[in-house]
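Taking it in order: structure first as structure tokens, then the write-up.
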Amino acid sequence: MGQTLSKPQDYYRYLKPGMRLSLSINGSDQIKGIASILIGYKMERFISVDVSGIDDDLLNQLVDKELVVRGLTDSSFGHVIAFKCHWMAFSDVVCKQLYLSIPERVVSKPIREHSRYKLALPCNVSFGQANIDGQVIDFSVSGCGIYTEQSHDFCKGLEVKVETALNRFLPGSLTCEVVSIKKQGAGSLIGIQFNQQILMSNALKNALAEMSMQVT
């Protein structure tokens, strides 16, 4: 569970110029995970973010909206922070930047070694010539959950190959066994167990944290 910080002196220390942020319109399924960079803040006044990579049409949709901001800090525990704020103003002097209201509270969660990370990571699962595409929706040191809407004949006890962008951080000897299959929505949720508990390296933790930032 995350810790809620309501005193500015407790959460300002996490706001470091240059940190990457993601912006989402609160309650919207269409506009979320917009990449931005923290420029800085004026205590008790506003937060300024660089939105140079965002086109004007998308920026216009943020006007006067309540936004959810997520960011990965450079703290020793690699905290992920999240808070709600409001659009205040836009400026294109020097660079395109948004001014956001100071949050009333910030939720902070350290990246622990045995956390289960919520993701939406594209993947491919295969056994011999059979393969399906899906999404890794959660990940831990002992396994992961994969959601797919494609039909398949996978069953419990089957050893499968799972290909994702995370594979470069995982040991080559890692194998994946199907331990559960449940119907979920229009598809199925496949529970995967690793044959060994993986080492949660700093590189893997950072990659997971960045990916989890994109999930509402």
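Would you pick out the residues in the range 166-216 that are farther than 24 Å from Asn131 by Cα, part of a loop (DSSP other than H, G, I, E, B) and among the hydroxyl-bearing types (Ser, Thr, Tyr)?
Correct list: Ser201, Thr216.
May I ask you to verify whether Ser22 is within 26 Å of Ser201 (Cα to Cα), of a type outside the set (Lys, Arg) and open to solvent by less than 10 Å² (accessible area, probe 1.4 Å)? Full working, then the answer.
Numbers: within 26 Å of Ser201 (Cα to Cα): yes; of a type outside the set (Lys, Arg): yes; open to solvent by less than 10 Å² (accessible area, probe 1.4 Å): yes.
So Ser22 fits the description; yes.
Here are Ala120, Ala186: which of them is of a type in the set (A, V, I, L, M, F, W, C), out of contact with any helix residue (DSSP H, G or I) (no Cβ under 7 Å at 6 or more places or on another chain), touching a residue at least 60 places away in the same chain (Cβ under 8 Å) and under 30 Å from Val68 (Cβ atoms)? Walk me through how you get there before you give the answer.
Details: Ala186 fails: touching a residue at least 60 places away in the same chain (Cβ under 8 Å).
When all the criteria are applied, what remains is Ala120.
Please state which of the following conditions Lys84 fails to meet, knowing it meets all the rest: (1) out of contact with any Pro (no Cβ under 7 Å at 6 or more places or on another chain); (2) closer than 25 Å to Arg116 by Cβ.
If we test Lys84 against (1) out of contact with any Pro (no Cβ under 7 Å at 6 or more places or on another chain); (2) closer than 25 Å to Arg116 by Cβ, just (1) comes out false.
In a strand (DSSP E or B), closer than 30 Å to Phe46 by Cβ and open to solvent by less than 40 Å² (accessible area, probe 1.4 Å): is that true of Ser108 in this structure?
So Ser108 passes the test.
Residues checked against (1) closer than 30 Å to Ser36 by Cα; (2) touching a Phe, Trp or Tyr at 6+ places or on another chain (Cβ under 9 Å); (3) crowded, with 18+ Cβ neighbours inside 10 Å:
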site	(1), (2), (3)
Cys123	yes, no, yes
Ile132	no, yes, yes
Asn195	no, no, no
Ser212	yes, yes, yes
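Give the number of residues within the range 144-165 that are within 26 Å of Ser212 (Cβ to Cβ), acidic (Asp, Glu) and not in a loop (DSSP other than H, G, I, E, B).
Going through the range 144-165 one residue at a time, the tally reaches 1.
Scan the range 75-90 for residues that are exposed (fewer than 12 other Cβ atoms within 10 Å of the Cβ) and at pLDDT below 95 and report the count.
Going through the range 75-90 one residue at a time, the tally reaches 1.
Name the single residue, out of those in the range 33-52 being touching a strand residue (DSSP E or B) at 6+ places or on another chain (Cβ under 6 Å) and not in a strand (DSSP E or B), that is most open to solvent (accessible area, probe 1.4 Å).
Looking at residues that are touching a strand residue (DSSP E or B) at 6+ places or on another chain (Cβ under 6 Å) and not in a strand (DSSP E or B), I get Gly33.
Could you please let me know if Leu158 is of a type outside the set (Lys, Arg), surrounded by 13 or more Cβ atoms within 10 Å (Cβ to Cβ) and without any contact (Cβ under 8 Å) to a residue 40 or more places away in the chain?
So Leu158 passes the test.
Which numbered condition in (1) in a strand (DSSP E or B); (2) touching a Gly at 6+ places or on another chain (Cβ under 6 Å); (3) not β-branched (Val, Ile, Thr) is the only one that Pro17 fails?
Going through (1) in a strand (DSSP E or B); (2) touching a Gly at 6+ places or on another chain (Cβ under 6 Å); (3) not β-branched (Val, Ile, Thr) one by one, Pro17 breaks only (1).
The values are calculated or read from the model by the stated rules, or taken from the named source; none is laboratory data. Model, not experiment: these values are computed from the prediction. Note that we place each Cβ from the backbone using ideal geometry, even for glycine, and neighbour counts take in every protein chain shown. The area values use the complete protein model at the heavy-atom level, side chains included, leaving out ligands, DNA and RNA. Shrake-Rupley method; radii C 1.70, N 1.55, O 1.52, S 1.80 Å.
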